[in-house]
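Just below is one structure, and these are the notes that go with it.
The values are calculated or read from the model by the stated rules, or taken from the named source; none is laboratory data. Bear in mind that the values here come from a model prediction, so they are computed numbers and not experimental data. When we count neighbours, we look across all protein chains shown, and the Cβ atoms used for this are built from the backbone with ideal geometry, even at glycine.
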Amino acid sequence: MFITFEGPDGSGKSTIINLVSEKLKELNYDIVQTREPGGTRISEKLRDIILDRENTELTARTEALLYAAARAQHVEEFIVPNLNSGKIVLSDRYVLSSLAYQGAGRELGIESISEINKFATNNLEPDLILFFKVDPLTTLKRKNKLDTADRLELEKESFHSRVYNGYISIINKYKNNNNFVEVDATKTIEEVLEFSLYVILKSIRG
Ligand code: TMP
């Protein structure tokens, strides 16, 4: 099973994926946890280039292709072999992030981003997508002030609003798919964790 965690910056999905992973291991499920951009040696190098706040001249199209390139390596080297050996793969972000950030945020168009990602992933789709829904503007205000904020987090509010609206409009199309679940990320960590685990276990156990 391939399960992805999606949502705007500051939605708490990374905290939740760690907790879900721990819990599933305790329950003796064979889990591997990974993230995008990243997850392999080469994809992590691409991540450094993409998120480096010094790389101000990186163009939107280059950015979209670098995310797709990091993903192509991740899919072929890590995700597919793990799925083939029967593991459950949990990934912090996947294609939906590119549709929202590059398609909507950078205004490159959701269709073109979808096309390059079909090529990059050889059409590999998640079995379950959890979308952590929260308006990113409040959470990002805190992060932007930190020295650790990356190139994307430092983007203007208008960019993050486009990303969020992009997510919402894409999600409206996915809503009736049974592999897509929206999680109210404004709730407490305990509540978000409990709901996420419930959804994942239900899906794993069929
Ligand atoms: P992270 O903070 O969740 O690790 O993700 C790094 C940043 O990269 C985050 O701001 C979201 C952004 N991103 C994209 O713009 N497109 C993508 O395809 C992915 C995977 C992440």
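Would you please list the contacts, defined by Cβ atoms under 8 Å and residues six or more apart or on different chains, that run from a residue in the range 171-183 that is closer than 14 Å to residue 95 by Cβ to a residue that is of a type in the set (A, V, I, L, M)?
These pairs meet every condition: 174/129; 179/128; 179/129; 180/128; 180/129; 180/171.
Report every pair of residues separated by at least 6 positions or lying on different chains whose Cβ atoms are under 6 Å apart, first residue within the range 158-170 and farther than 14 Å from residue 114 by Cβ, second among the hydroxyl-bearing types (Ser, Thr, Tyr) and assigned to a helix (DSSP H, G or I).
Listed by first residue and then by second, the contacts come to 163/101.
State which residue pairs qualify: first residue within 17 Å of residue 155 (Cβ to Cβ) and inside the range 96-114, second residue aromatic (Phe, Trp, Tyr) and within 12 Å of the ligand (Cβ to nearest atom) in any location, beta carbons under 6 Å apart, and separation of 6 or more residues or different chains.
98/67; 100/167; 105/159
Results for (1) within 11 Å of the ligand (Cβ to nearest atom); (2) outside any helix (DSSP H, G or I); (3) closer than 29 Å to residue 205 by Cβ, shown as yes or no for each residue.
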residue	(1), (2), (3)
8	yes, yes, no
23	no, no, yes
28	no, yes, yes
64	yes, no, no
82	no, no, yes
89	no, yes, yes
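Residues that are within 14 Å of the ligand (Cβ to nearest atom) and in contact with an Asp or Glu (Cβ under 8 Å, 6 or more places away or on another chain), at least 3 per element: which helices (runs of 4 or more DSSP H) completely within the range 101-198 meet that?
136-144, 157-174
Within the range 155-192, which residues are surrounded by fewer than 18 Cβ atoms within 10 Å (Cβ to Cβ) and closer than 15 Å to residue 15 by Cα?
Within the range 155-192, 184, 186, 187, 188, 189, 190, 191 qualify.
Of the residues 92, 48, which single one is surrounded by fewer than 17 Cβ atoms within 10 Å (Cβ to Cβ) and either modelled with pLDDT of 95 or more or more than 13 Å from the chain's Cα centre (by Cα) (or both)?
Residue meeting the stated conditions: 48.
Residues in the range 109-153 that are hydroxyl-bearing (Ser, Thr, Tyr), modelled with pLDDT of 95 or more and either under 18 Å from the mean Cα position of the chain (by Cα) or loosely packed, with under 13 Cβ neighbours inside 10 Å (or both): how many?
2
Might you check whether a residue that is of a type in the set (Lys, Arg) and in a helix (DSSP H, G or I) occurs anywhere in the range 49-56?
Within the range 49-56, not a single residue is of a type in the set (Lys, Arg) and in a helix (DSSP H, G or I).
Can you confirm whether residue 56 is out of contact with any Ser or Thr (no Cβ under 6 Å at 6 or more places or on another chain), β-branched (Val, Ile, Thr), closer than 21 Å to residue 110 by Cα and surrounded by fewer than 21 Cβ atoms within 10 Å (Cβ to Cβ)?
Taking the combined requirement at face value, the residue does not satisfy it.
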